[in-house]
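This report refers to the structure that appears directly beneath it.
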Amino acid sequence: MELTMDLGERQARQYECGCCNAPIERVWNFVHRDGKAHAVYFANSYHHQDQPHETWIDVILGTWGADVIDDHVTFGCRVGPVVDSPAPAATLVQACMDGSTGPVHGTVLSREDGLAHPRLPEFWEVVDFVLANDPTVNSHLYG
């Protein structure tokens, strides 16, 4: 079961942070599994002034196409510096903390609900794939 994405389909926008006026790079794209749409991710990479770089990622898992959204579930994580680690680490958080919740998100999970959800391993698989393959996210955190 191979994950892929078409970087030509990837969307990107830049916004201004409300707390420090630094840029926020927002990217989103479909992730496919074996050629079929499997998930959509939204990643906000923050360039806060005088703070470490971090990226917040929301992933919507569910059926895609034909306006089916009743099985959608959204997880969220923060990726950035953590104590005693030279590399960024991912931590499960409340999904859609940026206020972007809409019908397409389906069930928006809290951290506690996410930790108990049966699709949690799929979420982490997509996050690992995005960290390695989205050029904006990868360069922001590892560049």
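Per-structure values
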{"read-out": "Selected residue [in contact (Cβ under 8 Å) with a residue 24 or more places away in the chain and under 23 Å from residue 110 (Cα atoms)] from 34, 58", "value": "58"}
{"read-out": "Filter pass, residue 46 being surrounded by 17 or more Cβ atoms within 10 Å (Cβ to Cβ), modelled with pLDDT under 95 and among the aromatic types (Phe, Trp, Tyr)", "value": "yes"}
{"read-out": "Given (1) out of contact with any Asp or Glu (no Cβ under 7 Å at 6 or more places or on another chain); (2) closer than 15 Å to residue 39 by Cα; (3) not in a helix (DSSP H, G or I), index of the condition residue 85 fails", "value": "(2)"}
{"read-out": "Looking only at the stretch 13-27, and only at residues there that are of a type outside the set (A, V, I, L, M, F, W, C) and in a strand (DSSP E or B), the one that is nearest to residue 95 (Cα to Cα)", "value": "26"}
{"read-out": "Every residue from the stretch 91-116 that is in contact with a Lys or Arg (Cβ under 9 Å, 6 or more places away or on another chain) and over 23 Å from residue 15 (Cα atoms)", "value": "91, 92"}
{"read-out": "Any hit, the stretch 113-124, residues being within 15 Å of the chain's Cα centre (by Cα), part of a helix (DSSP H, G or I) and within 17 Å of residue 80 (Cα to Cα)", "value": "yes"}
{"read-out": "Any hit, the stretch 28-39, residues being surrounded by 15 or more Cβ atoms within 10 Å (Cβ to Cβ), in a strand (DSSP E or B), in contact with a Lys or Arg (Cβ under 8 Å, 6 or more places away or on another chain) and basic (Lys, Arg)", "value": "no"}
{"read-out": "Within the stretch 48-80, tally of residues that are in a loop (DSSP other than H, G, I, E, B) and in contact with a helix residue (DSSP H, G or I) (Cβ under 8 Å, 6 or more places away or on another chain)", "value": "3"}
{"read-out": "Any pair with Cβ under 7 angstrom, 6 or more apart, that starts in the stretch 90-117 at a residue that is closer than 24 Å to residue 68 by Cβ and ends at one that is in a helix (DSSP H, G or I) and of a type outside the set (D, E, K, R)", "value": "96/105; 114/120"}
{"read-out": "Positions within the stretch 121-133 being under 22 Å from residue 63 (Cα atoms) and crowded, with 16+ Cβ neighbours inside 10 Å, in sequence order", "value": "122, 123, 125, 126, 127, 129, 130"}
{"read-out": "Residue list for the stretch 88-105, restricted to those being part of a loop (DSSP other than H, G, I, E, B) and at pLDDT 95 or above", "value": "94, 95, 96"}
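Conditions (1) surrounded by 13 or more Cβ atoms within 10 Å (Cβ to Cβ); (2) among the β-branched types (Val, Ile, Thr); (3) at pLDDT below 95, marked per residue:
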site: 10; (1), (2), (3): yes, no, no
site: 42; (1), (2), (3): yes, no, no
site: 51; (1), (2), (3): yes, no, yes
site: 59; (1), (2), (3): yes, yes, no
site: 65; (1), (2), (3): no, no, yes
site: 68; (1), (2), (3): no, yes, yes
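The values are calculated or read from the model by the stated rules, or taken from the named source; none is laboratory data. Keep in mind that what you see is a predicted model, and the values were worked out from it rather than measured. Heads up, the Cβs are rebuilt from the backbone with ideal geometry, glycines too, and the neighbour counts pull from every protein chain shown.
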